[in-house]
Amino acid sequence: MARLFSIDVPFENQHYTALVSVKEQGSELCCVVRYIDKRVKHILSGDQLVFCMGNGLKQPNNLPSELAHNLFVCTKKALNDHLGHRA
């Protein structure tokens, strides 16, 4: 069963809200992150990321820029922090 929640992602001196769905697949946590703020769309060429905490990015297949990669890293850290507080 998936858990749904929102997180605040600090990035480039701003904060972006994202809705997150986390589901266990075997021993792996897989996440679908959909950003509420449409300013993210120009960074990612879309508004969502799909990744597994251990195996990395699933969708999109490639990030379009270093800025997008940095957003992914900040999002993963925010998600780790959130899940760590919930463990």
Consider Gly54 against the criteria (1) assigned to a loop (DSSP other than H, G, I, E, B); (2) loosely packed, with under 14 Cβ neighbours inside 10 Å; (3) out of contact with any strand residue (DSSP E or B) (no Cβ under 6 Å at 6 or more places or on another chain); (4) touching a residue at least 12 places away in the same chain (Cβ under 8 Å): it satisfies all of them except one. Which criterion is unmet? (3)
Pull up region 1-38, narrow it to residues that are in contact with a Phe, Trp or Tyr (Cβ under 9 Å, 6 or more places away or on another chain) and among the small types (Gly, Ala, Ser), then point me to the one that is farthest from Leu83 (Cα to Cα). Ala18
Being assigned to a helix (DSSP H, G or I) and either loosely packed, with under 14 Cβ neighbours inside 10 Å or not basic (Lys, Arg) (or both), is that true of even one residue in region 59-66? yes
Keeping to region 18-41, report how many residues are at pLDDT 95 or above and surrounded by fewer than 13 Cβ atoms within 10 Å (Cβ to Cβ). 0
Residue list for region 57-87, restricted to those being in contact (Cβ under 8 Å) with a residue 24 or more places away in the chain and either among the polar types (S, T, N, Q) or in contact with a His (Cβ under 9 Å, 6 or more places away or on another chain) (or both): Asn70, Thr75, Asn80
Counting only residues that are over 17 Å from Leu19 (Cα atoms) and either touching a strand residue (DSSP E or B) at 6+ places or on another chain (Cβ under 7 Å) or not charged (D, E, K, R) (or both), how many does region 61-83 have? 9
Restricting to region 1-51, what's the tally of residues that are of a type in the set (D, E, K, R), in a strand (DSSP E or B) and more than 15 Å from Ala78 (Cα to Cα)? 4
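The values are calculated or read from the model by the stated rules, or taken from the named source; none is laboratory data. Predicted model, so just to flag it, every value in this text is computed and none were measured. No Cβ is skipped: glycine too gets one built from the backbone with ideal geometry, and neighbour counts run over all protein chains shown.
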